[in-house]
1. Looking for something in contact with a Pro (Cβ under 9 Å, 6 or more places away or on another chain) and either surrounded by 20 or more Cβ atoms within 10 Å (Cβ to Cβ) or within 11 Å of chain A (Cβ to nearest Cβ) (or both) - is there at least one such residue anywhere in the stretch B:73-84?
2. Can you name the condition, by its number, that B:Gln64 falls short on among (1) in contact with a strand residue (DSSP E or B) (Cβ under 9 Å, 6 or more places away or on another chain); (2) without any contact (Cβ under 8 Å) to a residue 60 or more places away in the chain; (3) farther than 21 Å from B:Pro108 by Cα; (4) within 14 Å of chain A (Cβ to nearest Cβ)?
3. For the stretch A:53-111, please list each of the strands (runs of 3 or more DSSP E) lying entirely inside it that holds at least 2 residues being of a type in the set (Ser, Thr, Tyr) and at pLDDT 95 or above.
4. Can you name the residue in the stretch B:9-33 that is hydrophobic (A, V, I, L, M, F, W, C) and under 15 Å from B:Arg80 (Cβ atoms) and is also farthest from the other protein chains (Cβ to nearest Cβ) among such residues?
5. Identify the residue in the stretch B:94-112 that is more than 7 Å from chain A (Cβ to nearest Cβ) and either aromatic (Phe, Trp, Tyr) or within 16 Å of the chain's Cα centre (by Cα) (or both) and, among all such residues, is nearest to B:Glu1 (Cα to Cα).
6. Looking only at the stretch B:9-46, how many residues end up being in a strand (DSSP E or B), under 13 Å from the mean Cα position of the chain (by Cα) and touching a residue at least 24 places away in the same chain (Cβ under 8 Å)?
7. Across the stretch B:64-81, which residue is nearest to the chain's Cα centre (by Cα) among those that are in a loop (DSSP other than H, G, I, E, B) and of a type in the set (D, E, K, R)?
8. Identify, please: which residue in the stretch A:97-111 is among the basic types (Lys, Arg) and touching a residue at least 12 places away in the same chain (Cβ under 8 Å) and is, among those, nearest to the other protein chains (Cβ to nearest Cβ)?
Amino acid sequence: LAKTTQPISMDSYEGQEVNITCSHNNIATNDYITWYQQFPSQGPRFIIQGYKTKVTNEVASLFIPADRKSSTLSLPRVSLSDTAVYYCLVGEREYGNKLVFGAGTILRVKS
Amino acid sequence: EPEVTQTPSHQVTQMGQEVILRCVPISNHLYFYWYRQILGQKVEFLVSFYNNEISEKSEIFDDQFSVERPDGSNFTLKIRSTKLEDSAMYFCASSGTSGVKETQYFGPGTRLLVL
């Protein structure tokens, strides 16, 4: 499994765009990049997944450069309720595979 | 939207006692998992379960742990003789065979405190 590196924490203000970058230098050809969100005292929640270029859904965008050695989760116009831990996971996309979580990035959104 | 449910939400037990944590996965899902998160630490994989047997387990999942799917809806984690270090939040998750792979749906967790 590719090792991932994320900032330990980030602070932002309501209404700003937040970009969280994850480094995964040893990503393998078959690996996908998946981001999860975890609120305090809750289980993680899937946000977005991608393989290359850009993926967008109703919650976030995921930017992956051509070399795939990093990825950036972009949260548009954050609100206080986006305060959470964000995890970047890298691994093969197979049904039934375990998820390997790192320490994640604590995002604090202030008013 | 369907969701994974877990009971109890909190459990306090004495060291050496057995505990059973219960989960109801999303009904059409086929893969089931248990994870745990010690306070302030990362989420750790314990075990995955498919087709009525364990698919994979971590080093944490020793002989004191067992899982069972006793009927068509429940998925349980049993800790036979709890230790102080078993105190953690335990999350059940499930996933299906459609949609985005590696999308696991997590329950709200059971907070286990071993005294």
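1. yes
2. Result: B:Gln64 fails condition (4) only.
3. Here the list reads A:70-75, A:84-92.
4. B:Met15
5. Step by step, filter the stretch B:94-112, then rank; the result is B:Tyr105.
6. Here the count works out to 14.
7. Among those residues, the one meeting the criterion is B:Arg69.
8. A:Arg108
The values are calculated or read from the model by the stated rules, or taken from the named source; none is laboratory data. Source: prediction; values computed, not measured. Neighbour counts run over all protein chains shown; Cβ positions are idealised from the backbone, glycine included.
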